Amino acid sequence: MRKYRKFPKTNLSFIFLLIFFQFHCLLNPIVRELLDLDLNKKNDNLFQLGILLALYGGPSPTITPSVGFVILTNTKIRVVFNRSMNPTSLSAILGTPLDQTWSDTFAANDTVVLSGSIPVGTNTFQLDGTDASGFRMTTVTGTYTVLAANTNLYYVSPSGNNGNSGTTPGTAKLTIPSAIVGATPPAAILVSEGNYLVDSGLGTQVNMTNNVSVYGGFSSDFLNRNSNLYIARIVDTATANTDTITINAGAGITSSTVVDGFTVRGASNPNAPNASIAFNCLSSSPTITNNRFEGGVVSNAISAAIYVSASSSLITNNVILGGTSAVASTFGIYIENNSSPSIVSNTIHGGDAPAASAHAIYNAPQTNTPSIIGNTLLGGTGSISYALNTSPPSNPTVTNNSMDGGAGITSRALYFPSGSGNFGIYQNNILFTSGGTNRYCVYEQGGTNPFIFNGNRLTDCPTALYFDEGTTIINNIGTVNGGTVNGSTYSGNY
């Protein structure tokens, strides 16, 4: 007997509900348009669908060495994308367009090696392109620090050992001084995050060697670099009855010697008789970039973040904080002895000197010729505070700075001590004070005046916009423009 398959009975209500649902879908405008049931709007909704698909996101790259790294001119940069790419769409620039060699890692054309004759210096990197489906990546931008191909690389880590060679991350040195002594110039020492303690009272401070640069801000595995995230701190712990210097750049150090990416703290040494200095440039001209310097807390000595003597150093893109002294003065940067540093794009604070004076920048009475450009100067706090205290016969160029005299009891954005002659170019600065009882934008003690004083903004100085020759209070900007003693050519100030 032939057997027939028996089907289970179906609930009629379920069948009705299914038919109703299908009918409802056909009434849905988007479904109708995608099924060609409403041709007038099909293209619009396909466009909307494309936008929705775009939310899936463009391709993302993994870049090795990572952006921000220190590399050599012949370094090859490997980029692995998370999907297949369109090789003809990729643009890669690092100071110059880079050559591209494509390969397959996880998918077709998902990996490219970038190479070329990369110029030495801090160069902007840009990477852009689309995947195989036409979706564009978010443009990658950043910088690499590029060194000459013959630079010898060394590594320092808190987990290192000074008995190691220091030539690989796995054989890192423990201390920066050991790495400097063991380096063969030209060299770059790469320092991972961590605290590096020195004691300048015992002679273990960091002494720079010419053509041996130090770069901080590396992750503990040396795969990434970001000095704001992976902080390498050099801290002076000296307490001996001696003056202290955390990092010393002595005679013979040239601009090819770079200190970049550190937090450097001067000794908080109550026994220092004369000075606590975080970074000392003595008869040398190092390049000092992208650091944070902090002066120490002292009792009788001065506290200076950076001390510049007979030096033409380049100081740029740093945060520089003068320290605290109970009885003496404090300085963000102290300039003396015929120096001509370039001080560019820094934030500089004068510190705290409750019984003396705090200076963002102090320019001593020698023939110094500093260029002070594009900085944010804050005088600090104390009995007297200055954004810039500059003495004759120093002849600075001071342009495009924000100059806050600070919040001392007496605060002065720009101060000229007694002397004779007209010195310095002061243009396009903003001069003001943020506190204090006696507040001056420009204060002339008498006998010394700016040579050029044009296009500056003077504001928030209730005592005087311009104190002329130590005798005359001027609060009318029209008088500042051409009406001061020896200032007949001043113009454009407002």
Can you run down the residue pairs with Cβ atoms below 7 Å, 6 or more apart or on separate chains, where the first is in segment 78-95 and of a type in the set (Gly, Ala, Ser) and surrounded by 20 or more Cβ atoms within 10 Å (Cβ to Cβ) and the partner is at pLDDT 95 or above and assigned to a strand (DSSP E or B)?
Ala92/Gln100; Ala92/Leu114; Ala92/Leu127
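Kindly provide the set of residues from segment 219-231 that are in a loop (DSSP other than H, G, I, E, B) and not aromatic (Phe, Trp, Tyr), ordered by number. So that I can check it myself, show each step before the final result.
Looking only at segment 219-231, we keep the residues that are in a loop (DSSP other than H, G, I, E, B), and these are 219-224, 226-231.
Across segment 219-231, the qualifying residues are Ser219, Ser220, Asp221, Leu223, Asn224, Asn226, Ser227, Asn228, Leu229, Ile231.
Within segment 102-110, identify whether any single residue is among the β-branched types (Val, Ile, Thr) and under 30 Å from Asp243 (Cα atoms), and answer yes or no.
Filtering segment 102-110 down to residues among the β-branched types (Val, Ile, Thr) leaves 105.
If we keep only those that are under 30 Å from Asp243 (Cα atoms) as well, we get none.
Among the residues of segment 102-110, not one is among the β-branched types (Val, Ile, Thr) and under 30 Å from Asp243 (Cα atoms), which makes the answer no.
Would you check which residues across segment 104-117 are more than 18 Å from Gly68 (Cβ to Cβ) and outside any loop (DSSP other than H, G, I, E, B) and list them? First the steps, then the outcome.
Residues of segment 104-117 that are more than 18 Å from Gly68 (Cβ to Cβ), as a first pass: 104-113, 115-117.
Of everything in segment 104-117, those that are more than 18 Å from Gly68 (Cβ to Cβ) and outside any loop (DSSP other than H, G, I, E, B) turn out to be Thr111, Val112, Val113, Ser115.
I'd like the residue in segment 457-486 that is assigned to a loop (DSSP other than H, G, I, E, B) and of a type in the set (S, T, N, Q) and, out of all such residues, is farthest from Asn438 (Cα to Cα). Don't jump to the end; show me each part of the working.
Start the filter on segment 457-486 by keeping residues that are assigned to a loop (DSSP other than H, G, I, E, B), which leaves 459-463, 469-471, 475-476, 481-486.
Filter once more, keeping what is of a type in the set (S, T, N, Q): 459, 463, 471, 475-476, 481, 484, 486.
Working: Thr459: 14, Thr463: 6, Thr471: 15, Asn475: 14, Asn476: 17, Asn481: 23, Thr484: 21, Asn486: 24 Å.
Within segment 457-486, the match that is farthest from Asn438 (Cα to Cα) is Asn486.
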Quick one: Ile253 ticks every box in (1) touching a Pro at 6+ places or on another chain (Cβ under 9 Å); (2) surrounded by fewer than 24 Cβ atoms within 10 Å (Cβ to Cβ); (3) assigned to a loop (DSSP other than H, G, I, E, B) bar one, so which box is it?
(2)
Looking at segment 262-282, I want the residues that are over 14 Å from Leu321 (Cα atoms) and have a partner that is charged (D, E, K, R) with Cβ atoms under 7 Å, at least 6 apart or on another chain. Which pairs are those?
Ala272/Asp243; Pro273/Asp243; Asn274/Asp243; Ala275/Asp243
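With a cut-off of at least 1 residues that are surrounded by fewer than 23 Cβ atoms within 10 Å (Cβ to Cβ), assigned by TED's automatic domain parsing to the domain that holds Pro286 and at pLDDT below 95, name the strands (runs of 3 or more DSSP E) lying wholly within segment 118-218.
Working: elements: 121-128, 140-147, 152-156, 187-192, 194-198, 212-218.
Of the strands (runs of 3 or more DSSP E) lying wholly inside segment 118-218, none has at least 1 residues that are surrounded by fewer than 23 Cβ atoms within 10 Å (Cβ to Cβ), assigned by TED's automatic domain parsing to the domain that holds Pro286 and at pLDDT below 95.
So that you can scan it fast, the table gives a plain yes or no per residue for (1) in contact with a His (Cβ under 6 Å, 6 or more places away or on another chain); (2) among the hydroxyl-bearing types (Ser, Thr, Tyr); (3) within 23 Å of Gly142 (Cα to Cα):
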| position | (1), (2), (3) |
| --- | --- |
| Phe222 | no, no, yes |
| Asn228 | no, no, yes |
| Ala251 | no, no, no |
| Phe262 | no, no, yes |
| Arg265 | no, no, no |
| Tyr307 | no, yes, no |
| Ser312 | no, yes, no |
Quick check: anything in segment 448-456 in contact with a helix residue (DSSP H, G or I) (Cβ under 9 Å, 6 or more places away or on another chain) and buried (at least 24 other Cβ atoms within 10 Å of the Cβ)?
yes
So which of Phe453, Phe432, Phe423 ends up being in contact (Cβ under 8 Å) with a residue 40 or more places away in the chain, among the aromatic types (Phe, Trp, Tyr) and either within 28 Å of Thr367 (Cβ to Cβ) or assigned by TED's automatic domain parsing to the domain that holds Ser357 (or both)?
Phe453
For Ala92, all conditions in the list (1) in a loop (DSSP other than H, G, I, E, B); (2) closer than 28 Å to Asn228 by Cα hold save one; what is the number of the exception?
(1)
Can you spot a residue in segment 240-247 that is in contact with a Phe, Trp or Tyr (Cβ under 6 Å, 6 or more places away or on another chain) and free of Cβ contacts under 8 Å to residues at least 40 places away in the same chain?
no
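The values are calculated or read from the model by the stated rules, or taken from the named source; none is laboratory data. Since this is a predicted model, take the numbers as computed values, not measurements. Using ideal geometry, Cβ is built from the backbone for each residue, glycine included, and neighbour counts are taken over all protein chains shown.
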